[in-house]
Structures are given as C-alpha cells and as structure tokens.
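Report on one structure; see the data block that follows.
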Amino acid sequence: MKSSQPNGENPTSDDWAGARGDKWLAQLGRMEAMLAPVDAPLIELLALAGARRIADLACGGGGTTLAVAAAADPGATVFGYDISPSLVHFAQRRVASDGTKPVFAVGDSASLTVETPFERIVSRFGTMFFANPTAAFTNIAKLLAPEGRFAFAVWGPPADNRWMAIVRETIGALVDVPPPPVDAPGPMRYGEVGILLELLNEAGFRHGEVQDWRGDLAIGGDLQPNAAAQFAIESMSVAQVLADRGPELIERATRALAERFEQHWSNGAVRLPARVHLVHGTR
C-alpha cells in the first residue's frame, strides 16, 4: 500500500541557501560528472570571444564556472555566484591556490547588484528555482550589459528525460508523489520552454532562441546500478518525498530503482536519455 507524503520535489531559492545546497554539495562530484556533457554546448552559445566580464549565476560548486574560465579569452574575469554559502565556500577552496581563476561569492540572482555589468551571463540548471521568476529575471537583465549575451540550460519535458521519470515512477510505486504545482519552483519548471521565453522577453532580454541538447546522461558518473540508485535517492528532488520515512522504505526504493537501472547499464555506467533546452540571446 502506498502512503501519502507532502510534495518535497520543488525546492525554492531559500531551500538551496540551506539544506538543499548542503545535499547538493554532498553529491557534488557525482552530480558534476553526470551533468558535464551539457557544459560545452551551453558555453559555445555564449560566444565568449572578446568578453571581459562573465558571470555564472547559481554556480553551485563551480564546475561550470571553471569550464567557462577555461574557454574564455586570456585576461577575462569570470565570477561565480550562488545562494548557498557551503557551495560557494567549496568553490573558493577549489581555486584558492591560483588567483587567476574565477572569483566566487555568495549572491542571490534576484537581488545581486554590481557596479559594472557583465558582458556574458550563464546558468546551468539554476534558473528553475526562483520564487519570483519575473523579479529574478528582471534583475538578471540589469546585470547584463546592452548587447551582452546570456545562455541558460533548463530541463526539457519530463517525457524526454527518462533519467528523472524512472526515479519518479519507482518512488511513486511506494509513496504518493503529487504532481508539481503549475509554475512551482522545480527542475522541470520550463519543460514547456515557451514559458521561459516569455518571461525573458518581459524582463528585457531580446532575440531569445532555443537549441536543444539531447544525449545520454551517466547517472552519478561511472556508478554501478545499485550505487547509481543510491545516488539518485540521495540527490534528486523527487526523492525528497522519502525524507523522514525511515530506512526500510528508502532501502526498498533503492533496490527497486537499482533493478530499473540494471536495464540501462552500458559501457561502465547507467545511461539514460535526456533533453535540455539551451536558451540564449542578448539584452
């Protein structure tokens, strides 16, 4: 028999500033290994040549920020901002030995201010969690210089992201997983990307376009099915409905998910298809 539980898969910016950010940090290496394939196509859309000031918003532990810095022109200054102090502290430790690396600081995209606007702004999976997206995107537009370029990665429709759908289906067989409220903060918020394009246009961005990335993601990197299932249960938002339900239920969910993942074991990893909207344009 399934049991009911409040929906815990829609973390807001405030959640990321606290416990959710700490959870992400605990799985950071595996999460970055899983999401790394999205970095190169996202960064390519920034057209970094000639850009001197670049910002990565909701930068997490800094993996994408470092990739941006590696791709930028020599002498460019790259900044990474995140609302989670623990993630920013980790990112700062990553570059502590080299002053030419990105500059990381705690910052909320909805209220961040700078004296000199950025010429490029990027965010990989960080724009879906704003409590007030209209206010947040309006503020981000102010951070970008006229004619500056932006590129945001957001998840495509649930049907095209089997890696997340399988986790949701497996957990949903054990406990009630309510459908996320319409336009609530959450990973799949802009699966219908037209919503995001409209928000960006209203905020002052221009020439918004969408280029989809499709490919297989290795769940947690190079993990065996059981370890990949444990990673998914511990890190993915939908699995938060299992919080405080006791170890027995979590173990059942992990076993069931591992069985599903075994069907997708290939070339040393659990590989599942994903679709990402790469939304880009100018101000």
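The values are calculated or read from the model by the stated rules, or taken from the named source; none is laboratory data. Keep in mind that what you see is a predicted model, and the values were worked out from it rather than measured. Glycine also receives a Cβ, built like all others from the backbone with ideal geometry; neighbour counts cover every protein chain displayed. Accessible surface areas use protein heavy atoms only, side chains included; no ligands, DNA or RNA. Shrake-Rupley method; radii C 1.70, N 1.55, O 1.52, S 1.80 Å.
Quick rundown of the values:
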| quantity | calculated |
| --- | --- |
| Yes/no for V78 being modelled with pLDDT of 95 or more, more than 24 Å from E209 (Cβ to Cβ) and touching a strand residue (DSSP E or B) at 6+ places or on another chain (Cβ under 7 Å) | no |
| Per-region count, the range 130-146, residues surrounded by 16 or more Cβ atoms within 10 Å (Cβ to Cβ) and part of a helix (DSSP H, G or I) | 8 |
| F150 out of contact with any Phe, Trp or Tyr (no Cβ under 7 Å at 6 or more places or on another chain), open to solvent by less than 20 Å² (accessible area, probe 1.4 Å) and at pLDDT 95 or above | no |
| Subset of the range 153-165 (residues that are modelled with pLDDT of 95 or more and in contact with a Leu (Cβ under 9 Å, 6 or more places away or on another chain)) | A153, V154, N161 |
| Every residue from the range 153-163 that is open to solvent by 30 Å² or more (accessible area, probe 1.4 Å) and in contact (Cβ under 8 Å) with a residue 60 or more places away in the chain | P157, D160, R162 |
